[in-house]
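Take a look at the structure set out below.
The values are calculated or read from the model by the stated rules, or taken from the named source; none is laboratory data. Remember, it's a predicted structure, so these values are computed and weren't measured experimentally. No Cβ is skipped: glycine too gets one built from the backbone with ideal geometry, and neighbour counts run over all protein chains shown.
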């Protein structure tokens, strides 16, 4: 009798309790990536927590080895050690062989660029008012950066370097005029490299803008995880917590850069895939919101 009652209770429990698959999240979290992508990682954690009632628990198995960019791409495409990546859109291998989550997690801040410059050149840059005038100057970029082809498409002269650190030296030796950086990157870089290069400053005049953003990409073997992340982001957007999270991380920096007061140079970016939600204006940053 007792055994039969226990069995009946188990059957009832099985019909009442939802059966959740355990989502395993495998981001690349080497030391470099942990610092560089602190905001996306914090956002991902918040999204996973928010979706626990609907999708169930999750476990994180970060990949912490230091590996090359090429190797990280290979591992992400395989999905065994790394099953989620943070990247800008337009990389053919990611767009075709992973699942992009079509929600710009940085609101497109990646496409808002202020330039690091040699302070001796500020007056020359102050004279730039149009794209045609920008084309009389040159910009510096890493040789494998996605921005290079955007500048080339817009006929802005580009000088490239194999290493990130060498770009600072090239700038201050006059090899190029501007080192465009993301609006969230430039302030920290001046703090980090300013003591070594005293003439390194943020240009006070220009804002270079083109459609460019960060997205989560998920392994094709994890469609449920991709859906979970998308649902969580949309939920946070709907209840206002995504905008609050974004402002908590970036509002002070953006205000200090006085973006609404800058001369805006618009560039075209023809390399964005069709799934990027450009028509959803509510997902993209507007500098005038800082006024």
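Of note:
- One residue stands out among those in the stretch 190-202 that are touching a strand residue (DSSP E or B) at 6+ places or on another chain (Cβ under 7 Å) and in a loop (DSSP other than H, G, I, E, B): the one that is surrounded by the fewest Cβ atoms within 10 Å (Cβ to Cβ), which is 199.
- Qualifying positions in the stretch 123-144 - loosely packed, with under 15 Cβ neighbours inside 10 Å and modelled with pLDDT under 95: 143, 144
- Any hit, the stretch 160-168, residues being more than 26 Å from residue 92 (Cβ to Cβ), touching a residue at least 24 places away in the same chain (Cβ under 8 Å) and outside the structural domain of residue 69 (by TED's automatic domain parsing): yes
- Residue 49 being surrounded by fewer than 19 Cβ atoms within 10 Å (Cβ to Cβ), over 25 Å from residue 183 (Cα atoms) and at pLDDT 95 or above: yes
- Only one of 48, 77, 116 that is outside any helix (DSSP H, G or I) and touching a helix residue (DSSP H, G or I) at 6+ places or on another chain (Cβ under 8 Å): 116
- Taking the stretch 203-219 as the range and being farther than 30 Å from residue 76 by Cα, surrounded by fewer than 21 Cβ atoms within 10 Å (Cβ to Cβ) and under 22 Å from the mean Cα position of the chain (by Cα) as the test, no residue passes.
- Residue match in the stretch 25-43 (condition: part of a strand (DSSP E or B) and modelled with pLDDT of 90 or more): yes
- From 265, 255, 229, residue being touching a strand residue (DSSP E or B) at 6+ places or on another chain (Cβ under 6 Å) and over 20 Å from residue 103 (Cβ atoms): 265
- Matching residues in the stretch 262-291 - criterion: being more than 16 Å from residue 113 (Cβ to Cβ) and assigned to a helix (DSSP H, G or I): 281, 282, 283, 288, 289, 290
- Per the conditions (1) touching a helix residue (DSSP H, G or I) at 6+ places or on another chain (Cβ under 7 Å); (2) closer than 21 Å to residue 25 by Cβ, the sole criterion not satisfied by residue 142 is (2).
- Leading residue by the ranking (nearest to residue 95 (Cα to Cα)) among those in the stretch 259-288 that are surrounded by 13 or more Cβ atoms within 10 Å (Cβ to Cβ) and free of Cβ contacts under 8 Å to residues at least 40 places away in the same chain: 286
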